[in-house]
1. Order of 284-290, 540-546, 209-215, 190-196 by packing, highest average Cβ count within 10 Å first?
2. Return a single number: how many Lys pairs in the stretch 372-524, at a sequence separation of 8 or more or on separate chains, have alpha-carbon atoms below 22 angstrom apart.
3. Using a cut-off of 14 Å between beta-carbons, work out the net charge of the residues near residue 467 (Lys and Arg +1, Asp and Glu -1, residue 467 not included).
4. Quick check on packing: order 242-253, 598-609 by the mean number of other C-beta atoms within 10 Å, highest mean leading.
5. Roughly how many Å is it from the Cα centre of the stretch 341-390 to that of the stretch 233-286, as a whole number?
6. Accessible area, 1.4 Å probe, largest first: how do 277, 26 sort?
7. Taking the inverse of the average 1/r across all pairs of different Cα atoms in the stretch 430-476, what Kirkwood radius in Å do you get?
8. If the stretch 204-360 were replaced by its equivalent ellipsoid, with semi-axes equal to the square roots of 5 times the Cα gyration tensor eigenvalues, what would those be, largest first, whole Å?
Amino acid sequence: MEDDDGIRAHFPLSFGKKSKSQTPIESIHNATRRPTTGIDGSQSSSSLHTNNKNKDTPFPSLSSSSKSWLNSLQKNPKPSTVSDDDVAIGPPRPPPSYDSVDGEDDAMIGPPRPMPAEDDDDEDDDDEPIIGPPRPPLGSDSEEDFSDGEQEVQHRIPLSNEIVLKGHTKVVSALAIDHSGSRVLSGSYDYSIRMYDFQGMNARLESFRQLEPSEGHQVRSLSWSPSADRFLCVTGSAQAKIFDRDGLTLGEFVKGDMYIRDLKNTKGHITGLTCGEWHPKTKETILTSSEDGSLRIWDVNDFTSQKQVIKPKLVKHGRVPVNTCAWDREGKSIAGGIGDGSIQIWGIKPGWGSRPDIYVPNAHSDEITGLKFSSDGRTLLSRSFDCTLKVWDLRQMKTVLKSFEDLPNHYSQTNVALSPDEQLLLTGTSVERDSTTGGLLCLFDREKLELVSKVGISPTCSVVQCGWHPKLNQIFATAGDKHQGGTHVLYDPTLSTRGALVCVARAPRRKSVDDFQAEPVIHNPHALPLFRDQPSRKRQREKMLKDPLKSHKPEAPMNGPGFGGRVGVTKGSLLTQYLLKQGGMIKETWMDEDPREAILKYADVAKKDPKFIAPAYAETQPNTVFAESDSEEEDK
């Protein structure tokens, strides 16, 4: 016990298991409430009315608001016919048969009394919060009531609350939510992918995994498989990757030979990818587009070769990049957005090739950044750098149904999305340099082809990717700039389910005594050779001084002839030289002679008895003929 007390003395007083304080769910959602929740940009009247109603209505809970309300009743008691000991706790008493003023002033703890039957229902409805579509006004026709109610249901957009999934250091350019709505993937220009799990995430909104699919390449597209067990990652490199649900690499597609001119003869893409999408029905098929001017269909079970190569139709000879691609809902058609502004659609059928079934030249005046099919296969949406969003009828592609202007776009991943009922169109806008408006999320009515709402996402960051999840009924919008990036999740507690509602209500786990880990004490930190320092030179010198051989000073050379068996410097440093000089075998006379005279003294000997060059040419050597001097010329 003494040891336990000694260990316990090191813990701060804040450690230990404590009773968790229950935070009301209303206060949690109020913390994430947006300043403007209405479609027209004004604050919702229903939310304000609900907050005021909560202040006046007694709740049977022990929250701080209820305690303050009870304390106010105790401080200001009112006359009552019932004694303090008979205060009702639990369900309220039935109303008495007679009218009593004192009975109405009794303090009640619990649910409020039901209203009398003779009260008007309209007044009661005005005080209660409105959940769902509002009732049609009295006295109106049935057809008008139905149309007004339908329009109101269509525009029930979950915009009242907002959370931000942060973590990226640059703009978030890719977004993917699995079909169940439990996991969210976000890719950014900072070369990383972050994975979020709503079921395991708390109010801190932290990602459970971060990975870098391709070093030094931006993440441009993410797509879940139909079974949501794998996802496709497309980066700026020429090779797409497949990851499992937990972020582990399953494979990487092959890269083609960049020196082959014909793209159909290459095994894969030869330049950076631009977009990729998984087949909506088949979990073994994916589609990718690249800057090399081709679209390719792959089989995820074979990473070494593609199934089909699609070369778009071009007006001029050369290579034009394919900026985006998309499947239709049934996976029977492929749409490609070409860099020259054209839209081309191929139908997958037996014997199909690169010739497009639908070709729309000059659909946009600039590069296309996003394409989206409707579920009924009748409408195609396109987003472009020319600041427009166009709606096309696939049955008549010669003319555009509607073109929405003044939608700035500076990112090649800006997409367009549909609401779950496909009555609204969603797209994001980029922040311009001279504009005062920030990044917006614009919503348009598909039937009326008009603007419904503009939702402000960020005052300084551009909105790139957006999506509306059908099961969660929550809107996702990615935003960012050169220094930050995040995914904004818009929801409504009364309309949305799971997703953000789950993680926001889950408070971070508090530290307990079980989390304490004492740091181990290392008594011999330099025991391993890896952590040893270099040995000191001082001890080595002390050992060498004690050694008579190593500490012996070298003897200086002797001057003179030498003595005691040692040879002096003047007679040569080596014993052999000394002996030869003393015997007369070595005569150093070369320093006193003239080099020219020493060579010329062998001239006569070489002439009479040649040994090297002259005997070889003795028989063939011609006679030397010297020029005779002309005396006249010399005299002159």
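The values are calculated or read from the model by the stated rules, or taken from the named source; none is laboratory data. Remember, predicted model here, so these are calculated numbers, not experimental data. Don't worry about glycine lacking a Cβ; one is built from the backbone with ideal geometry, like all the others, and counts go over all protein chains shown. Remember, those area values only see protein heavy atoms, side chains included, never the ligands or the DNA or RNA. Shrake-Rupley method; radii C 1.70, N 1.55, O 1.52, S 1.80 Å.
1. Numbers: 284-290: 23.7, 540-546: 10.1, 209-215: 14.4, 190-196: 21.1.
Order by mean packing, descending: 284-290, 190-196, 209-215, 540-546.
2. 13
3. Details: positive: 183, 372, 383, 471; negative: 178, 277, 422.
Taking every Cβ under 14 Å from that of residue 467, the sum is +1.
4. On the way: 242-253: 15.3, 598-609: 9.5.
The most tightly packed comes first, giving 242-253, 598-609.
5. Computed from Cα coordinates, the inter-centre distance equals 21 Å.
6. Working: 277 60, 26 90 Å².
Descending accessible area places them as 26, 277.
7. On the way: mean 1/r = 0.0832 Å⁻¹.
Over the stretch 430-476, the inverse of the mean reciprocal pair distance is 12.0 Å.
8. Values: eigenvalues 132, 62, 44 Å².
Each semi-axis is √(5λ); the values are 26, 18, 15 Å.
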